[in-house]
Amino acid sequence: MSSPRDDFAAQFQPLLLAPMNRSGLSQLTIVIPTYQRPDFVLRQFAYWAGSDVHVVILDGSSTPLTIPENLRSENVLYVHTATSFRERLASVGRYVSTPYCAMLSDDEFFTFSGLRSAIARLESDPTVLGCVGRCLYFFVDQGRFLLKDAYREWKSFSDAARTPQQRLDEDLPPHKTHMAHYSIMRSEAWVRILENSYRRQFSSAYVYERLVNLQRAMLGRTVILEDLLWFRSMENRNIATAVSNSPGFLAWALDPIFSEEVAEYRAVARRLLMEGGIPNDEAIRFEERFFVDGVQQTLARKSKLRKRFRDKFRQQLLVWSPKRFRLFVKRHLPSQVLSFSGWQGYDLETMCDSLRERGTRFERNEIDLVKELALRTASDVATRRS
């Protein structure tokens, strides 16, 4: 007799035959950390099957997941570690032997066409450390698959930013470029960045990505491609919040109870700057911008967000939510609350038209596949909950 999860996995079987170019990516390893999300792990097996990407799923759940035979694929390695998210990312080097690698959340997707564009750029330009592309949020609302453009405010490094100091100047407050966490990177640098960033334990899960961005800016230039590369899910609460109730960056940085950790964190940042070739006096100034100015910038952004939210709330509850609030919602609210709130996304046809107008390259069948996977997951989860 089959189990409910076997039946769920069987739903994905026809998707493995979807006509799609999944090749040309054998030089890439994608690391997917997961925790207590078996349905989404199975969905990843379905998505990556038949490709030549090396996928490593690192599961910190208390018990291992049994992968149904019909979803197993030689290119997808499932490793049950029962260790923390931080420990798993600090150890990624043991799983990466390809020239390029990336990290991906367990409920999200990279496009195959976007990955090929990123690899092609890295192959053709040795001065580029990594590539990010365009991103769409996605979620399912009452049976509708909805999309929202994301991170259009990201900025590229300028052509003049050729030294570590020049890149740091463009990346640190009061300036800002783009997030590096979901870049396609040269493996030697990416493994080093993750090991340095996640080596030490801090009480807030939201401090590590700042160390990642800091090192990225020192080590080389990352670029933004005008290709759809990343589907960011709003189906689940952020794992860091759901698992550990981790304090946010500001709460951690300003609470005296964490003062010793904060001092250690700042010392780590200074040490990384100096190890990256930044002279001591410059490292001190850059670290001030990294932490002190970073706190002030976040405070100002939060204040602006609160004011904007109050104004918008008076007009219409969450119909046109601020970008930063969408990130808050991603971290704290499941898709059921999003459905209740009326957080607005756009249907597939409307979003495809928008991407074309912006000049963003994409392949329609890749969006169709994500839509099908999201709808099937939502339907199955809703059925089991009822």
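The values are calculated or read from the model by the stated rules, or taken from the named source; none is laboratory data. Treat the numbers as computed from the prediction; the structure is a model and nothing was measured. With ideal geometry, Cβ positions are generated from the backbone for all residues, glycine too; neighbour counts draw on all protein chains shown.
Brief remarks follow.
- Scanning segment 111-138 for residues that are aliphatic (A, V, I, L, M) and part of a helix (DSSP H, G or I) gives 115, 118, 119, 120, 122.
- Long-range neighbours under 9 Å by Cβ, at least six apart or interchain, first residue within 21 Å of residue 116 (Cα to Cα) within segment 183-195, second part of a loop (DSSP other than H, G, I, E, B) and polar (S, T, N, Q): 187/97; 187/98; 190/183
- Residues (out of contact with any strand residue (DSSP E or B) (no Cβ under 8 Å at 6 or more places or on another chain) and under 16 Å from residue 162 (Cα atoms)) located in segment 120-139: 125, 126
- Residues within segment 124-150 that are within 11 Å of residue 224 (Cα to Cα) and without any contact (Cβ under 8 Å) to a residue 40 or more places away in the chain, tallied: 0
Every residue, every condition in (1) modelled with pLDDT of 95 or more; (2) acidic (Asp, Glu); (3) part of a helix (DSSP H, G or I), yes or no:
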position: 259; (1), (2), (3): yes, no, yes
position: 264; (1), (2), (3): yes, yes, yes
position: 274; (1), (2), (3): yes, no, yes
position: 283; (1), (2), (3): yes, no, yes
position: 301; (1), (2), (3): no, no, yes
position: 311; (1), (2), (3): no, yes, yes
position: 318; (1), (2), (3): no, no, no
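- All positions within segment 67-85 that are touching a residue at least 24 places away in the same chain (Cβ under 8 Å) and either more than 21 Å from residue 195 (Cα to Cα) or basic (Lys, Arg) (or both): 67, 68, 70, 71, 72, 73, 75, 76
Table: residues versus (1) of a type in the set (Val, Ile, Thr); (2) buried (at least 16 other Cβ atoms within 10 Å of the Cβ); (3) within 24 Å of residue 208 (Cα to Cα).
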site: 24; (1), (2), (3): no, yes, no
site: 30; (1), (2), (3): yes, yes, yes
site: 51; (1), (2), (3): no, yes, no
site: 57; (1), (2), (3): yes, yes, yes
site: 62; (1), (2), (3): no, no, yes
site: 69; (1), (2), (3): no, no, no
site: 95; (1), (2), (3): no, yes, yes
site: 100; (1), (2), (3): no, yes, yes
site: 104; (1), (2), (3): no, yes, yes
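Each row is one residue, and each column tells you yes or no for (1) free of Cβ contacts under 8 Å to residues at least 40 places away in the same chain; (2) more than 30 Å from residue 114 (Cα to Cα); (3) buried (at least 17 other Cβ atoms within 10 Å of the Cβ).
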| position | (1), (2), (3) |
| --- | --- |
| 216 | no, no, yes |
| 222 | no, no, yes |
| 225 | no, no, yes |
| 250 | no, yes, no |
| 264 | no, yes, no |
| 281 | yes, yes, no |
| 288 | yes, yes, no |
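- Tally, over segment 99-125, of residues that are over 17 Å from residue 45 (Cβ atoms) and either aromatic (Phe, Trp, Tyr) or modelled with pLDDT under 95 (or both): 1
- Screening 105, 84 for residues that are hydroxyl-bearing (Ser, Thr, Tyr) and out of contact with any Ser or Thr (no Cβ under 8 Å at 6 or more places or on another chain) leaves exactly one candidate, 84.
Residues checked against (1) among the small types (Gly, Ala, Ser); (2) modelled with pLDDT under 90; (3) under 21 Å from residue 380 (Cα atoms); (4) out of contact with any helix residue (DSSP H, G or I) (no Cβ under 6 Å at 6 or more places or on another chain):
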position	(1), (2), (3), (4)
9	yes, yes, yes, no
13	no, yes, yes, no
16	no, yes, yes, yes
26	yes, no, no, yes
31	no, no, no, no
37	no, no, yes, yes
65	no, no, yes, no
77	no, no, no, yes
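- Flag for residue 121 being in contact (Cβ under 8 Å) with a residue 40 or more places away in the chain, surrounded by fewer than 19 Cβ atoms within 10 Å (Cβ to Cβ) and in contact with a Gly (Cβ under 7 Å, 6 or more places away or on another chain): no
Every residue, every condition in (1) touching a strand residue (DSSP E or B) at 6+ places or on another chain (Cβ under 9 Å); (2) part of a helix (DSSP H, G or I); (3) small (Gly, Ala, Ser), yes or no:
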| site | (1), (2), (3) |
| --- | --- |
| 215 | no, yes, no |
| 218 | no, yes, no |
| 224 | yes, no, no |
| 228 | yes, no, no |
| 235 | yes, no, no |
| 267 | no, yes, yes |
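- Only listed residue being modelled with pLDDT of 95 or more and out of contact with any His (no Cβ under 9 Å at 6 or more places or on another chain), chosen from 58, 71, 136, 89: 136
- In segment 178-210, residue surrounded by the fewest Cβ atoms within 10 Å (Cβ to Cβ) [restricted to those that are under 15 Å from the mean Cα position of the chain (by Cα) and in a helix (DSSP H, G or I)]: 209
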